[in-house]
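Below: the structure, in structure tokens.
The values are calculated or read from the model by the stated rules, or taken from the named source; none is laboratory data. Small disclaimer: the values here were computed from a predicted structure and weren't measured. Backbone-built Cβ (ideal geometry, glycine too); neighbour counts: all protein chains shown. These area figures cover heavy atoms from the full protein model, side chains too; ligands, DNA and RNA do not enter into them. Shrake-Rupley method; radii C 1.70, N 1.55, O 1.52, S 1.80 Å.
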Amino acid sequence: MSDRQPSEEPEEQVDLEGDDDGMDDDDGYRRRGSRDDSEEPEEEDYNEERQPEGDDGDARMAAEPAAGGGTGGDDMDKEGAGDGPEDEEEKRKWDELLALPPHGSEVFIGGLPRDITEEDLRELCEPLGEIYEVRLTKDRETKENKGFAFVTFTDKDAALRAIEDVQEREYKGRTLRCSLSQAKHRLFVGNVPKGLSEDELRNIIKGKGPGVVNIEMFKDQHDPNRNRGFLFVEYYNHACAEYAKQKLSSPNFKVDGSQLTVSWAEPKGSTDASSAAAQVKTIYVKNLPENVSKEKIKELFDKHGEVTKIVLPPAKAGHKRDFGFVHFAERSSALKAVRGSEKYEIDGKPVSLLSSIMKFSVHL
């Protein structure tokens, strides 16, 4: 009689070639780190996306970790998922987030004189509609403005009027540029249990944040009763998306025992599955020694490029965990790791790097 524990294997595998039917993770989508007003892009980079307060968000929209029962944290069973705030305090937060201006109400204004003030900007834009906020970017050291700003109106129509009126307008000897700010409002959610139905997924997503405008889900091409392990969620505004991102990615929140992976989704171009898969920067590593450390794995893989994260999911009861995920900063590094001929080993044990369309057995 063998006492060997069954190996626990995830349902998702990463497709590094871009044409896989399944994808488990989110790091193929562009992220932005935290930055404040002094770290805004230079004037010529005005068309880049802006995340107002970085990945951690402003205090007014930060989510507390979801409260869980017992010692297991907030492990959401698919039958127990429900939409809506959990209590009055959370309902108040949701109402505050929904009271903020919608996505599409903020504009970027570039080409500004270096001596311009927030009051000048208000005078310039107030005739176009009610202003919610003016954000003039300044250099961190000199405290001088950097020649561009963000103006948030209370509605989208005012923002469109501002673009019409301000774009190429002559102002104090400068030609102004104006365009919609691409504040983030879409999330990519990966590592989703594939057995969940559309209704179950919808309830889970709506239960973790307000302002859900649209959820893009993908069915398994070989089994329409299963999802493909990832989805996209569009929110009413950045604040709602930031709040939901914090809630969904909380270490205390799990869905059917799975920790979701959540990041900002790329708003430009196609969001179809093949486009998503083509940006994956993560590899799935199997047959790892049971007690291997993240540091040891990172040391082996960082020769291919910057490793941003090592994920070793906890084992479920009755199983042992012998797999993990290596996240690279660049997709090319992930491809080098999978395609490389170099062999490695940990404690003399061979380890496999897998994707759904090719399997490379290497000795780690």
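Observations
- For the residue pairs Lys245/Lys281; Lys247/Lys320; Lys184/Lys286; Lys184/Lys303; Lys184/Lys206; Lys320/Lys349, the alpha carbons lie more than 24 Å apart in Lys247/Lys320; Lys184/Lys286; Lys184/Lys303.
- Heavy atoms of the protein chains alone define the surface here; on that basis region 115-209 has 48 Å² accessible area per residue at 1.4 Å probe size.
- Looking at region 100-147, the GluC sites (Glu not before Pro) that sit in a DSSP loop and have at most 15 other Cβ atoms within 10 Å of their own Cβ are Glu130, Glu141, Glu144.
- Loop-located trypsin sites (Lys or Arg not before Pro) in region 90-125 (DSSP state not H, G, I, E or B) with no more than 14 neighbouring Cβ atoms inside 10 Å: Arg114.
- Portion, in percent, of the accessible area of region 141-285 that falls on carbon or sulfur, probe 1.4 Å: 44 percent
- With the charge dipole of region 92-147 set up from +1 on Lys and Arg Cβ and -1 on Asp and Glu Cβ about the Cα centre, the Cα lying farthest toward the positive end among the listed residues Leu128, Ile116, Leu97 is that of Leu97.
- Inter-label distance for Val213 and Asn291, nm, one decimal - labels placed 7 Å from Cα along Cα-to-Cβ: 5.2 nm
- For the pair Arg114 and Asp87 in one chain, pulling the backbone fully straight at 0.36 nm per residue adds 5.0 nm over the alpha carbon distance.
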